[in-house]
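Handing you this structure, nothing more for now.
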Amino acid sequence: MKLLRPSDLAELDGGLFVHGGTEVVPLLRDGILTADTLVDVRGIVPRGIEGNRIGAGTTLAELEVDPQIPEALREACRLAASPQLRNMGSLGGNLLQSTRCWYWRLEYPCRLHGGDRCHAAEGEHREHAIFANDFCASAHPSDVAAALLALDARVRTSRRELGLAELYRVPDDADRRTTTLEPGELILEVELPPVEASVYLKAMDRKRWSFPQVGVAAARTGGGTRVALAGVAPIPWLLAGPEDVDGATPLPRSAWKVDVARALVGRALADLG
Ligand SMILES: Cc1cc2nc3c(=O)[nH]c(=O)nc-3n(C[C@H](O)[C@H](O)[C@H](O)COP(=O)(O)OP(=O)(O)OC[C@H]3O[C@@H](n4cnc5c(N)ncnc54)[C@H](O)[C@@H]3O)c2cc1C
Ligand code: SF4
């Protein structure tokens, strides 16, 4: 396998992007990802925080301690993974991490792998989605994405600017992808609008180093309050209001997540005041 280290965007020409490698390396090792060329993007993706702009190469460890960063995003980073992973893992890589669905990771020929069955829906799905789960019941694992969705962040890529919500799509028969990023498109920067107050709450199966069972981000801006959830749908999930939780469609053994989501949404809104 070839490793490229471009120093200019103009040098990009295909290949699999890698930043911290905390996701790419295990997937390559397990044969879930394959590539002839690995492109280390650390030389071309901005890193650091300047006012409301965050370079996509900024690590979660840097975000969790920076006072310029709204509370919801800092807390989402602080509660994610382990200190070692947060030191390596970049913001851009976190937004593009793959599902933790155990069937997908074990390479069952499920719908996200191009097959015609959702093994989780028929099998073990205690940790799976309670919204938008009829095609694929995977639960999006990014705390950070839920926080950015509540904060109404915008993303700048090497080709366009888009709202964070537009970065994601619910997979379907015609297109199995969960993001709208095109091959070769690089996330460069995230921009946050002004926020008055924000909060992130997370239910996990132990106190540290655990993906969200349910993560709830709430943010109050001049225009109102936004609430977004992690771990409940194949993509980060924006609620139109707290009553949206009542419209959840859990699988038989993921119904407990609806109660957790309802409780955390109520608590997050109370914390916002
Ligand atoms: C054990 C474990 C526990 C974890 N727990 C949590 C958790 O609780 N909450 C949570 O939110 N996350 C969690 N994570 C995810 C972790 O935060 C991510 O793996 C990390 O942030 C990814 O960043 P990276 O730079 O290492 O990405 P990489 O592994 O380098 O890349 C990940 C993906 O993003 C692509 N990519 C990377 N940068 C860019 C870019 N700038 N533009 C376009 N594509 C890009 C890569 O091609 C790849 O597809 C956990 C991970 C592990 C391994
Ligand atoms: S939930 Fe999605 S990723 Fe998991 S088995 Fe079903 S189709 Fe595959």
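The values are calculated or read from the model by the stated rules, or taken from the named source; none is laboratory data. Everything quoted here is computed from the prediction, not taken from an experiment. Here the Cβ is made from the backbone with ideal geometry for all residues, glycine too, and neighbour counts use every protein chain on show. Keep in mind that these areas ignore ligands, DNA and RNA; they rest on the heavy atoms of the full protein, side chains included. Shrake-Rupley method; radii C 1.70, N 1.55, O 1.52, S 1.80 Å.
Kindly report the accessible area of the range 73-207 per residue (heavy atoms of protein chains, probe 1.4 Å, no ligands, DNA or RNA), in Å².
43 Å²
Diagonalise the Cα gyration tensor of the range 14-99 and give the resulting equivalent ellipsoid semi-axes, square root of 5 times each eigenvalue, largest first, whole Å.
The answer is 25, 15, 9 Å, longest axis first.
Under a 5 Å amide H to amide H cut-off, with H placed in plane at 1.01 Å, what residues pair with residue 4 once short-range neighbours are removed?
38, 39, 40
Which translational diffusion coefficient, to the nearest whole µm²/s, is obtained for the chain from the Stokes-Einstein equation, given a Kirkwood hydrodynamic radius over C-alpha pairs, 4 °C and 1.567 mPa s?
D = 69 µm²/s.
I would also like to ask the following. If each of residue 47 and residue 185 carries a label point 7 Å out from its Cα toward its Cβ, how far apart are those two points in nm?
In this crude spin-label approximation the distance works out to 2.5 nm.
Order of 247-256, 125-134 by packing, highest average Cβ count within 10 Å first?
125-134, 247-256
Counting only protein chains, not ligands or nucleic acids, how are 211, 17 ordered by accessible area (probe 1.4 Å), most first?
211, 17
So, with a 1.4 angstrom probe, what is the percent of accessible area on the range 117-189 that is carbon and sulfur?
The C+S portion of the solvent-accessible surface of the range 117-189 is 46 percent.
With θ set to phi - 60°, apply the Karplus curve 6.51 cos²θ - 1.76 cosθ + 1.60 along the range 53-62 and write out the HN-Hα couplings as whole Hz, x wherever there is a Gly or Pro.
10, 10, x, 5, x, 5, 7, 4, 5, 5
What shape does the range 167-273 take by its C-alpha gyration tensor, where a ≥ b ≥ c are the square roots of the eigenvalues and a/c under 1.5 counts as rounded, a/b above b/c as prolate, and the rest as oblate?
Oblate, since a/c reaches 1.5 and b/c is not below a/b.
Test of understanding: what is the full-extension gain from residue 203 to residue 172, defined as 0.36 nm times their sequence separation minus their Cα-Cα distance?
The residue 203-residue 172 span can extend by a further 8.3 nm.
Here is a further query. Please list 7-15, 56-64 highest first by mean number of surrounding beta-carbon atoms within 10 Å per residue.
Output ranking for 7-15, 56-64: 56-64, 7-15.
Same structure, new question: For the range 7-72 and the range 158-224, write down the distance between their C-alpha centroids in whole Å.
Value for the Cα centre distance between the two parts: 15 Å.
If the reach is capped at under 23 angstrom between alpha carbons, list the lysines near residue 257, excluding any in the same chain fewer than eight residues apart.
202, 207
Right, another one. Could you calculate the FRET efficiency of residue 88 with residue 113 from 1/(1 + (r/R0)^6), where r is the beta carbon distance between them and R0 is 22 Å, rounded to 0.05?
Computed FRET efficiency for residue 88 and residue 113: 0.25.
Determine the per residue accessible area of the range 1-44 with all protein chains present and a 1.4 angstrom probe, expressed in square angstrom.
61 Å²
Moving on to the next point. Taking H placed 1.01 Å from N in the peptide plane, check which residues at least 5 places from residue 189 or on another chain put their amide H under 5 Å from its amide H.
Under 5 Å from the amide H of residue 189: 56, 156.
Using a 10 Å cut-off on Cβ atoms, rank the peptides 180-190, 95-105, 224-234 from the highest mean neighbour count down.
224-234, 95-105, 180-190
Which of the aspartates and glutamates could be linked to residue 2 by a straight reach, that is with a Cα gap under 16 Å, when you skip same-chain ones fewer than 8 residues away?
11, 13, 36, 40
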